[in-house]
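A short write-up of the structure that comes next.
The values are calculated or read from the model by the stated rules, or taken from the named source; none is laboratory data. Note that this is a predicted model, so its numbers are computed, not measured. For neighbour counting, all protein chains shown are included, and Cβ atoms are generated from backbone atoms with ideal geometry for every residue, glycine included. These area figures cover heavy atoms from the full protein model, side chains too; ligands, DNA and RNA do not enter into them. Shrake-Rupley method; radii C 1.70, N 1.55, O 1.52, S 1.80 Å.
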Amino acid sequence: AVDDEILAMLRRKGVTAIELGAQSMREEVLLRCGRGHTAQDTRDAAARILDHGFVLGLQMMTGLPGDDDAGALSTARQLLALGPQEMRVYPTLVLRDTPLAEAYTAGQYRPQTLDEAVALGARLLQQIEAAGVRVLRMGLHDDHLAESVLAGPYHPAFRALCESRLYYENACRAMAAAGGRIHTLI
């Protein structure tokens, strides 16, 4: 859906940024989730968006059916290679009355726990920010959405949990480097 004609029209209408819901760069995950696009479609669309001078935003999801942490980290690396200025990271939530809810209730899908999603989210946040890309959002923050969540790592302050995890891990590394000795400045 991102062709030169559409991009030219968006430019004329004053649009300055475009976000793509890539979600994954693993073909088997995209197919299993019925995304309707391939990883190559994402690469091509991202290149066209940048060629037309738009700010490129990319969205990815963790915990999709058929995916794992290694796949999510690989997706992030591949998305970063496309040159986005902004990214969003969402853990997969099971919403009522969806095909994923049917798979979940049939025992065919296990969502990430909150701890699993936070641990992976912290790694992704660090990876994306280290590449100089702004993370616009981590997790979904909609009170109305929360009412529809059947399962999965929903938390209204998901990014804060990921940041706290990074601070904790950095503090543990600093303590280990100091031989476990911590000095206070009081």
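Residues of segment 124-177 that are among the basic types (Lys, Arg) and farther than 18 Å from Gln23 by Cβ: Arg134, Arg159, Arg165, Arg173. Across segment 75-100, the qualifying residues are those that are over 30 Å from Arg11 (Cα atoms) and open to solvent by less than 30 Å² (accessible area, probe 1.4 Å), and the one among them that is farthest from the chain's Cα centre (by Cα) is Val94. Look at Gly21 and say whether it is within 21 Å of the chain's Cα centre (by Cα) and part of a loop (DSSP other than H, G, I, E, B). In short, no. Annotation: of all residues in segment 1-18 being in contact with a Lys or Arg (Cβ under 8 Å, 6 or more places away or on another chain) and part of a helix (DSSP H, G or I), the one that is least open to solvent (accessible area, probe 1.4 Å) is Leu7. Of the listed requirements (1) within 18 Å of the chain's Cα centre (by Cα); (2) buried (at least 20 other Cβ atoms within 10 Å of the Cβ); (3) in a helix (DSSP H, G or I), Ile49 misses just one: (1).
Here's the yes/no breakdown for (1) in a strand (DSSP E or B); (2) farther than 24 Å from Cys162 by Cβ:
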site	(1), (2)
Arg35	no, yes
Gln59	yes, no
Gly71	no, no
Ser74	no, no
